[in-house]
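Worksheet: the structure to be examined is printed underneath.
A short reminder: the numbers here are calculations on the coordinates, not readings from a lab. If you're wondering where the values come from, they're calculated on a predicted model, not measured in any experiment. Using ideal geometry, Cβ is built from the backbone for each residue, glycine included, and neighbour counts are taken over all protein chains shown.
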Amino acid sequence: MYGFFSQRIVYHSLFWLAFLVVLVLLEGTEKGLGFALTNELIVLVFYAAMVYFNLYYLVPNYLSKERFGTYVFLLVLATIIITPLKMIILHFKWAGYPEMQQELIRPETQYSQFMAMFFLGGGSSLVKIISDWVRHQRERQILETQTMQSELRFLKSQINPHFLFNTLNNLYALTLKKSDEAPEIVIKLSEMMRYMLYECNEKRVPLRKEVNYLRNYLDLERLRQGSNISISFDVEGQVEHQQIAPLMFIPFLENSFKHGLSNQITQGYVHILLQVEDQHVHFYIENSKPDTPPSPDKRRSGGIGLVNVRRRLDLLYPGQYELTIEDKPKSYAVNLEIDLESKM
């Protein structure tokens, strides 16, 4: 239905039909409905001629090109030509009504008819300007939305393969240890890979699934890192009904293990706290740092940079998050607060 009424010929026809009804009501039907209707049909034809001459010739050729003086001159000239033609035809039509003909040739009537034609033409320019502005804003919003979605897909495409690669590395390391916990490890890896490959394709996922993914990730890291590393993950509040963008926290975990827990730390730690209150989430992660930074050749490659994380937050939660970093000599901490309630 909307597609039908959004067609130009349809809504233009409806506008002129409504305008005709208004004109007939203003004239009245003392001399008969047919007489009033034919009078206003003539008036409507000249009004439409003025409007479409303005919209399809004057506006694109002069007003849109900022030739304002020429535009106004031609608009006045068109009014001077069209208005007398309308009045001449009405004068002949009213041959049987001398009093109406006399009223038609009065200077006050001619002036009012001229001004009505001029302001109708000028008013159509204003409507055209407003409608074009609205359309351009809508097209711009659509383009921005498409651009944002493309950028989000690109950023997420960087995240998914990276964590899949990291998970396979964990699997390799654990198989080398021939761990007795192999069945549990396989289950956790299966859950993580299913989450990354399938569920993360959605715009939003349940927060509880994101939390479960973090727990699995940390369980694998505990096995890989050994007993020298202290890893804790505490969740405060209910995580049953909230929705969040997928893989929003995992870059911070990955970076804490990649940059913080190197072989130079004998007693390192990663402490994580997730506080949830209604639609507000506070994520805090702190990790120890080595006394001396690892040499470039020993640094692990890959990783999702903080720039990408901030960009995702800007796109997904504009004005709804606060991210602060505390980089101390022996520790590195991230504070992230997100308002999950959609503002759009």
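Structural remarks
- By the count of other C-beta atoms within 10 Å, a proxy for reagent exposure, 133, 16 are ordered fewest to most as 133, 16.
- Across region 188-197, computed HN-Hα scalar couplings (Karplus, 6.51 cos²θ - 1.76 cosθ + 1.60, θ = phi - 60°) run 5, 4, 5, 4, 5, 5, 5, 5, 5, 7 Hz from first to last residue, x flagging Gly and Pro.
- Neighbour-count ranking [beta-carbon atoms within 10 angstrom, fewest first] of 19, 46: 19, 46
- When each of 190, 256, 64 is scored by the number of other beta-carbon atoms lying within 10 Å, the sequence from fewest to most is 190, 64, 256.
- Label sites at residue 208 and residue 232, each approximated as a point 7 angstrom past Cα along Cα to Cβ, lie 2.6 nm apart.
- Taking 7 Å steps out from each Cα toward its Cβ at residue 187 and residue 341 produces label points 3.9 nm apart.
- Sites residue 280 and residue 327 - FRET efficiency at Förster radius 30 Å, r taken between beta-carbons, to 0.05: 0.75
- FRET efficiency, residue 72 to residue 142 (Cβ-Cβ, R0 41 Å, nearest 0.05): 0.75
- Multiplying the residue separation of residue 61 and residue 165 by 0.36 nm and removing their Cα-Cα distance gives an extension gain of 31.5 nm.
- Segment residue 33-residue 7, length gained on full extension (0.36 nm per residue, minus Cα span): 6.3 nm
- Net length available on complete extension from residue 315 to residue 19 is 102.0 nm, with 0.36 nm assigned per residue and the Cα-Cα distance removed.
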